[in-house]
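Please read the structure below before turning to the comments.
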Amino acid sequence: MTVGGQAAYSDGFGPKPGHVTHLPYNDLDALAEAMSSRTCAIMMEPLQGEGGIVTPDDEFLKGVRELCDKHNALLIFDEVQTGNGRTGEFYAYQHSGVEPDILSTAKSLGGGIPIGAMLTTTELAEHMKVGTHGSTYGGNPLACAVAEAVIDEVSKPEVLEGVKIREAWFREGLTQLNEKYGLFKEIRGKGLLVGAALNDEWQGRARDVLIASGEEGLLLLVAGANVVRFTPSLVITEEEVKEGFARLDRALAKVTAK
Ligand SMILES: Cc1ncc(COP(=O)(O)O)c(C=O)c1O
């Protein structure tokens, strides 16, 4: 929570771990400036979820990897939101070809059953002997069996390919609605982690869209105050998407009428 950098999530849970520096996403110069041989690790999302659905520039992840190698720091990708097929690859880093040393994954890994996991390289894993990092529910057989089933299903090429097809439905639907209402300056994200960023005139109003959608029986999310977030089921049908956009259309009509 401290590394996430959002006070709303971490305040009140101190003392927080020290020596954590937060830097702007997609800014290699700022990172190069801040790193040294004393840097232990860089922890980041390979596509920012909570931070507003921000995709890394082509050279960014590669540059971060190079800086980590140069300073002998570990690269940790938080794939709690982006993992398990969400972006159309099993893990989002696979779009980039840049490999982390450690990857955290949770949420959809259990398809609703609570589980979190950390993946790492064989070299690093050797430092974690059985028992060095135990917890009451660590390795829980039920949760692990469910996660195994999730991995088997979601990693099927037709499921991952289906996510990419569905991304196109969402981009098309949002572009059409934007032609009508002109609320968004950018449709961004990857796979079924889609963000519609509000234009300057509508800054701070993402929640209004969420509430109006809720009144139409449509469940959305926000990513910060200025981005409406769409994270549907990876196997949502075309009919459901059409119905969702009809509801969003009604919600946006209400929001823009005010
Ligand atoms: C990107 C990201 N990382 C980490 C977490 C925390 O995950 P957990 O609740 O499994 O500790 C969340 C929770 O929402 C998240 O979105």
Exercise. Based on Cβ point charges of +1 for Lys and Arg and -1 for Asp and Glu, what charge dipole magnitude is obtained for segment 157-257 about its Cα centre, in debye rounded to the nearest 20?
Worked result: 300
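If each residue of separation counts as 0.36 nm, what is the full-extension length gain between LYS242 and ILE211 once their alpha-carbon separation is subtracted?
Full extension from LYS242 to ILE211 adds 9.2 nm.
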For this session: Determine the gain in length on full extension of the stretch ASN26-GLU153; use 0.36 nm per residue of separation and subtract their C-alpha separation, reporting nm with one decimal.
Result: 42.4 nm
Exercise. What full-extension length gain, to one decimal in nm, is calculated for GLN94 and LEU219 as 0.36 nm per residue of separation minus the Cα-Cα distance?
Worked result: 42.1 nm
For this session: Would you mind getting me the FRET efficiency between LYS164 and GLN203? Use the beta-carbon distance for r and R0 = 30 Å, nearest 0.05.
Result: 0.45
For this session: Output ³J(HN,Hα) for segment 235-250: one whole-Hz value per residue in order, computed from phi by the Karplus curve 6.51 cos²θ - 1.76 cosθ + 1.60 with θ = phi - 60°, and x for Gly and Pro.
Result: 10, 4, 8, 5, 4, 5, 5, 4, 4, x, 6, 5, 5, 5, 4, 5
Problem set entry | Relative contact order, percent, the chain [alpha-carbon distance under 8 Å, six or more residues apart] | 15
Exercise. For the Cα atoms of the chain, what angle does the longest principal axis make with the long axis of helix 58-71, in degrees from 0 to 90, nearest 10?
Worked result: 20
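Quick check for me: using +1 on Lys/Arg Cβ and -1 on Asp/Glu Cβ, what's the dipole size of segment 48-110 about its Cα centre, in debye to the nearest 20? Intermediate results must be reported in sequence, preceding the final value.
Working: 5 positive and 11 negative charges, 34 e Å.
For this selection, approximately 160 debye.
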Seminar exercise, completed: Between ASP249 and MET118, Cβ-based FRET efficiency (R0 41 Å, step 0.05) works out to 0.45
Exercise. Ordering SER36, SER135, SER10 from largest to smallest accessible area (1.4 angstrom probe), what's the sequence?
Worked result: SER135, SER36, SER10
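What does the helix-only formula give at 222 nm for the chain: each DSSP H stretch with n ≥ 4 adding -39500 (n - 2.57), the total divided by the residues, and the result rounded to the nearest 500 deg cm²/dmol? Each step should come with its number before you reach the end.
Values: 8 runs with 98 residues, N = 258.
About -12000 deg cm²/dmol.
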Exercise. Hey, any idea what % of segment 157-257's accessible area is carbon plus sulfur with a 1.4 Å probe?
Worked result: 53
For this session: Just list whichever of LYS107/LYS180; LYS62/LYS129; LYS107/LYS156; LYS156/LYS190; LYS107/LYS164 have alpha carbons separated by over 26 Å in the model shown.
Result: LYS107/LYS180; LYS62/LYS129
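Report, for the chain, the % of DSSP beta bridges that are antiparallel, rounded to 5. Walk me through the numbers before you get to the answer.
Working: 17 of 24 bridges.
Counting DSSP beta bridges with both partners in the chain, the antiparallel share is about 70 percent.
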Seminar exercise, completed: In Å², rounded to a whole number, the accessible area per residue of the chain with probe 1.4 Å is 57
Exercise. How large is ³J(HN,Hα), in whole Hz, for each residue of segment 38-43 in order, when computed from phi with the Karplus curve 6.51 cos²θ - 1.76 cosθ + 1.60 and θ = phi - 60°, using x for Gly and Pro?
Worked result: 8, 6, 7, 7, 10, 10
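Could you tell me what percent of the accessible area of segment 1-93 is made up of carbon and sulfur, with a 1.4 Å probe and every protein chain present? Before the final figure, lay out the partial values.
Details: 2590 of 5110 Å².
Carbon and sulfur together cover 51 percent of it.
The values are calculated or read from the model by the stated rules, or taken from the named source; none is laboratory data. On a predicted model such as this, the values are computed, not experimentally measured, just so you know. Glycine gets a Cβ as well: all are built from the backbone with ideal geometry, and neighbour counts include every protein chain shown. Note: accessible area is taken over every heavy atom of the protein model, side chains too, but ligands, DNA and RNA are not part of it. Shrake-Rupley method; radii C 1.70, N 1.55, O 1.52, S 1.80 Å.
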